[in-house]
Amino acid sequence: MDDAPWTGVRIDARQLTVLAHPLRARLLAALRVDGAATATRLAERLGTNTGATSYHLRQLAEAGLVIEEDRPGSGKQRWWRAAQDRHSIVAGDFGPDDADAQAALEWLGEFYRTEHARWTARWRAEEREWPAEWRDAVTTNDYLLELTPEQVRALNREVDELMARYRSLPAEEGAETVIVFYENHPMPRDRR
């Protein structure tokens, strides 16, 4: 898909606080999905104003999540792109007594789950229009595994390695961007 190395970041406390904002989370997602854009284009796409979009892009840049892209001949227009291809959020990096971090984790987790559900609903709405080879290839899975914390960490490393391997494949005719949403956690003790 891409010859460039896959870049990622493990979100720290500052990045978590910056990212746990509705417009900032949407801006970063848009830059990852659609590539580099100006604040004006992003504002149009997300239905916001250019001033707010520019401000929040600068906040994301200060946190190291987006960077300004040098585009010769673009005049005064500032182009922005995601600084990394992916990020991971490890709840254990944030203390259970840090109320701000816990609120940000909860909000961001819900944002990602909602965003994934939205993309899935859009796929389902147009699924019949896709060729049979695509409809036969995609899947929804869930697994229940008996694992220790160390085994979960090993599983996460292996999933990261697997995703990196597939990302490094050369682009082929008929390739599409495929979303893979991955989350794991212990089964809640209260299973009502």
| field | Within region 1-31, considering residues that are outside any helix (DSSP H, G or I) and not hydrophobic (A, V, I, L, M, F, W, C), the one surrounded by the most Cβ atoms within 10 Å (Cβ to Cβ) | value | H21
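Out of the residues in region 32-51 that are closer than 21 Å to E110 by Cβ and either in contact with a helix residue (DSSP H, G or I) (Cβ under 7 Å, 6 or more places away or on another chain) or surrounded by 14 or more Cβ atoms within 10 Å (Cβ to Cβ) (or both), which is modelled with the lowest pLDDT?
Of the residues in region 32-51, the ones closer than 21 Å to E110 by Cβ are 32-33, 46-48.
Filter once more, keeping what is either in contact with a helix residue (DSSP H, G or I) (Cβ under 7 Å, 6 or more places away or on another chain) or surrounded by 14 or more Cβ atoms within 10 Å (Cβ to Cβ) (or both): 32, 46, 48.
On the way: R32: 92, L46: 96, T48: 96.
Per the stated criteria, the residue is R32.
For R45, are the conditions met, namely being free of Cβ contacts under 8 Å to residues at least 40 places away in the same chain and either in a loop (DSSP other than H, G, I, E, B) or out of contact with any Ser or Thr (no Cβ under 9 Å at 6 or more places or on another chain) (or both)? Break it down into steps so the answer makes sense when it comes.
Values: free of Cβ contacts under 8 Å to residues at least 40 places away in the same chain: yes; either in a loop (DSSP other than H, G, I, E, B) or out of contact with any Ser or Thr (no Cβ under 9 Å at 6 or more places or on another chain) (or both): yes.
When the stated conditions are applied, R45 passes them.
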| task | Scan region 149-189 for residues that are surrounded by 10 or more Cβ atoms within 10 Å (Cβ to Cβ), aliphatic (A, V, I, L, M) and in contact with a Leu (Cβ under 8 Å, 6 or more places away or on another chain) and jot them down. | result | L155
| In region 87-122, how many are assigned to a loop (DSSP other than H, G, I, E, B) and either of a type in the set (K, R) or exposed (fewer than 12 other Cβ atoms within 10 Å of the Cβ) (or both)? | 4
| query | From the list Q59, Q77, Q84, which one is more than 23 Å from F181 (Cβ to Cβ), modelled with pLDDT under 95 and either assigned to a helix (DSSP H, G or I) or not small (G, A, S) (or both)? | reply | Q77
| field | For G174: the one exception among (1) in contact with a helix residue (DSSP H, G or I) (Cβ under 9 Å, 6 or more places away or on another chain); (2) under 17 Å from I89 (Cα atoms) | value | (2)
| query | In region 141-168, how many are farther than 24 Å from T120 by Cα, modelled with pLDDT of 90 or more and part of a loop (DSSP other than H, G, I, E, B)? | reply | 4
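The values are calculated or read from the model by the stated rules, or taken from the named source; none is laboratory data. Keep in mind that this is a model prediction, so the values were computed, not measured. Please note: Cβ atoms are built from the backbone with ideal geometry, for glycine as well, and neighbour counts cover all protein chains shown.
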